[in-house]
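Have a look at the structure below before the remarks.
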Amino acid sequence: MAAKDLRIELRSRIVLNQVVPFALVVLVMFGFALDDDAVLSRVAPGLIWLATMFSLLIVVQRAFAVETADGALDALQVAGVRPSGIFLGKTAALVVQLIVLQIVAVALAVLLYQPASGSTGERLRLDLPGLALLAVTLLAATCGLAFVGTIYGGLAAGATGRETLLPLLLLPVAAPVLIGATRATQASLHVGGTSMREGWAWVALLVTFATVFGIGGSLAFGSLMDDQ
Amino acid sequence: MQTTFVAICYVATFGGIGLLTAAMMRRARQLADKVPPEDRPWT
Amino acid sequence: MSRSVSGGPTSTTFSRALGLATLIGLIWFVAFGLFFSPDDEVQGKGVRILYIHVPTAWLAYLAFLVTAAASAAYMWKRTRSLTWDRIAGASAEVGVLFMGITLLTGSLWGRLSWGTYWVWDSRVTTTTFLFITYVGYLAVRNLGGSHHQRAKRSAIIALLAVLEIPLVHFSVTWWRPLHQGESVASGKLSGLMLFSFFVGMIVFTMLYVWLVLHRQRMLAMEDALDDRGLEDALAARRSEAIDAGATR
């Protein structure tokens with residue numbers, strides 16, 4: 001399932017060609033709107049994740065547009081594939097796409113905003129423990145986002161009038177990820193006064209989030225798919 | 001200012017609830033004209 | 001079509017009695033809240049806003065719990081019934097109403113007590129989040145499809161929200177802990193003030209039950225109308241086909 005989605009992606013390169021540039025556009029737009037280098041360097045970690053959330057919407061809608069275009073989901077169900085399998089497969093494909101997006105976004109943000117601590121003006125510091133935290137944060141947050149993205153994407157896919165519901169439903173649900181990932185990213189870059197220990201505590205929250213929605217999604221996905 | 005705010009709160013709360021209740025009742029009457037009694041198991 | 005003397009088509013003896021009691025309670029509440037209870041030493045008249053704010057907040061959360069419980073009742077095969085779905089929907093609507101009142105009164109009270117209309121602390125943020133979640137839930141209810149499709153879809157959304165809320169609560173609380181000076185109980189509460197709070201809790205609870213009862217019955221009528229509309233359309237289609245066949 002995941003392989004199929006990834007193959008489609010590799011062939012069309014939508015994520016690479018459209019979503020990553022979209023993330024870049026968003027990050028630049030933040031620069032225009034927040035017109036203040038000091039502010040930008042302070043809020044950089046948060047902006048990374050905001051850009052990720054907006055990009056998530058596009059990636060999720062794409063993931064389900066691919067399915068509904070040719071009724072593939074129905075076909076899979078008729079073929080006897082278990083809904084939780086479909087769920088995990090779509091999620092896995094999303095995770096891969098999102099991780100690629102994230103790595104680019106983090107690199108861009110560091111470049112564009114030069115994150116620093118607000119209180120001390122201290123520049124970001126890259127060290128091994130921090131990078132480890134960053135990597136785990138990316139993974140945990142992405143899994144969580146992918147899980148909720150698949151759940152609500154599945155709900156919002158299909159008939160017109162539904163897709164516009166996706167942002168309204170998805171963004172609030174993803175709020176804990178936004179909060180946690182931002183704080184953990186701050187900690188990993190040693191800016192913003194968040195300690196490494198706090199950073200790992202936030203990662204624990206992200207992992208809890210991912211677990212809850214991973215399990216919840218596997219259970220609920222079948223019912224959601226039934227009424228497409 | 002205190003009095004104004006208190007007044008706004010009470011008026012908005014009960015006025016709002018009152019308006020919505022009235023609207024709900026009106027709609028209920030409209031519906032009732034079209035729905036025969038057997039579809040209303042509470043009566 | 002017979003109309004009852006007092007009350008409307010969704011009234012029963014019980015709901016009429018409840019409605020009357022609620023109305024009397026409301027008058028009593030306003031009398032005490034606005035007139036008979038004293039001003040607070042610290043907050044002055046501002047405390048009267050809390051007589052509304054605190055009960056509506058509790059009830060908004062209760063309404064959310066009811067929606068979640070009713071959704072669970074619908075999803076469990078043994079108790080599956082569209083009545084649960086309608087209760088869930090009605091409770092959510094009343095919950096949104098109460099939550100809106102909570103946010104409005106809270107904001108105005110905050111301006112009086114702390115000087116700001118808004119504060120990013122855990123309680124306010126979680127309440128706002130719940131409000132947005134409700135609005136999303138109501139939007140999902142209006143997506144169309146059969147009654148059972150609507151019911152199943154909304155139930156899942158409501159149950160997912162139950163999973164979310166603790167996560168949001170914890171992340172927001174770690175994010176912005178409640179500041180000390182912002183707890184509701186500031187100083188002593190006199191007897192009459194406590195009484196006003198008490199009356200408020202009871203009256204708003206009765207109001208909630210009354211509203212949900214009527215709204216749920218209204219939704220039942222709307223669903224029945226939908227069903228009839230469908231039957232009529234099918235019957236009309238059939239008789240058209242018969243006529244077409246007969247005149248050939």
Pull up segment C:43-68, narrow it to residues that are small (Gly, Ala, Ser) and crowded, with 17+ Cβ neighbours inside 10 Å, then point me to the one that is nearest to the other protein chains (Cβ to nearest Cβ).
C:Gly46
Can you pull out the residues in segment A:218-228 that are more than 9 Å from chain C (Cβ to nearest Cβ), of a type outside the set (Gly, Ala, Ser) and surrounded by fewer than 24 Cβ atoms within 10 Å (Cβ to Cβ)?
A:Leu219, A:Met225, A:Gln228
Among the residues of segment C:119-174, which ones are closer than 25 Å to C:Ala73 by Cα and aromatic (Phe, Trp, Tyr)?
C:Phe129, C:Phe131, C:Tyr134, C:Tyr137
Scanning segment A:175-217 for residues that are in contact with a Pro (Cβ under 6 Å, 6 or more places away or on another chain) and of a type in the set (A, V, I, L, M, F, W, C), the one surrounded by the most Cβ atoms within 10 Å (Cβ to Cβ) turns out to be A:Phe209
Any residue at all in segment A:144-161 that is more than 25 Å from A:Leu88 (Cα to Cα) and at pLDDT below 80?
yes
Against the condition under 24 Å from A:Ala181 (Cβ atoms), β-branched (Val, Ile, Thr) and modelled with pLDDT of 90 or more, how does A:Thr137 come out, does it pass?
yes
Within segment C:20-42, how many residues are over 25 Å from the mean Cα position of the chain (by Cα) and either more than 10 Å from chain B (Cβ to nearest Cβ) or among the small types (Gly, Ala, Ser) (or both)?
7
Residues that are within 15 Å of the chain's Cα centre (by Cα) and free of Cβ contacts under 8 Å to residues at least 12 places away in the same chain, drawn from segment A:162-178:
A:Pro172, A:Ala175
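The values are calculated or read from the model by the stated rules, or taken from the named source; none is laboratory data. This structure is a prediction, so every number in the text was calculated from the model and none was measured. With ideal geometry, Cβ positions are generated from the backbone for all residues, glycine too; neighbour counts draw on all protein chains shown.
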